[in-house]
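What follows draws every value from the coordinates through simple rules; no lab data is involved. Because the structure is a prediction, the values reported are computed rather than measured. Cβ atoms come from the backbone with ideal geometry, glycine included; neighbour counts cover every protein chain shown.
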Amino acid sequence: MDEKELLDELRKLPDFECFPLPASWYKKYGLTPPSAVNPREYIESNYAIKCSVAPKDLPPIIIREPQQNGKLVDAPPVEEIKADTICRPYTLTETPDVLPSLRELPIPE
């Protein structure tokens, strides 16, 4: 199938203007390139809602029985991580606003 036949088939679709096309096709076949729409115009157009409620040719997908006999996927094994908790003794002194771990650091002069 060549470009022209493909373009003719795409033009038959109801939402042809929404499909991305190669940039060279716009000049070659005289198509108008899509223009940008600001967010307010897009929201006010309700395009997404219109597409969701538009009538469609496809029947609904109804699954009445388990697929692949209810096959379940095995969960990967849990990786065990060793964690140690180290507690330092805390003694309250005259300056309680200093953390115990900071008392051990040398103070630069």
- Note on the structure: Flagged in the stretch 41-58 as more than 24 Å from the chain's Cα centre (by Cα) and not acidic (Asp, Glu), in numbering order, are ALA54, PRO55, LYS56, LEU58
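Residues of the stretch 43-93 being part of a loop (DSSP other than H, G, I, E, B) and at positive phi, which ones?
Listed by number, the list holds a single entry, ASN46.
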- Hits in the stretch 18-40 - residues which are under 29 Å from ASP57 (Cα atoms), more than 23 Å from the chain's Cα centre (by Cα) and loosely packed, with under 12 Cβ neighbours inside 10 Å: PRO22, THR32, PRO33
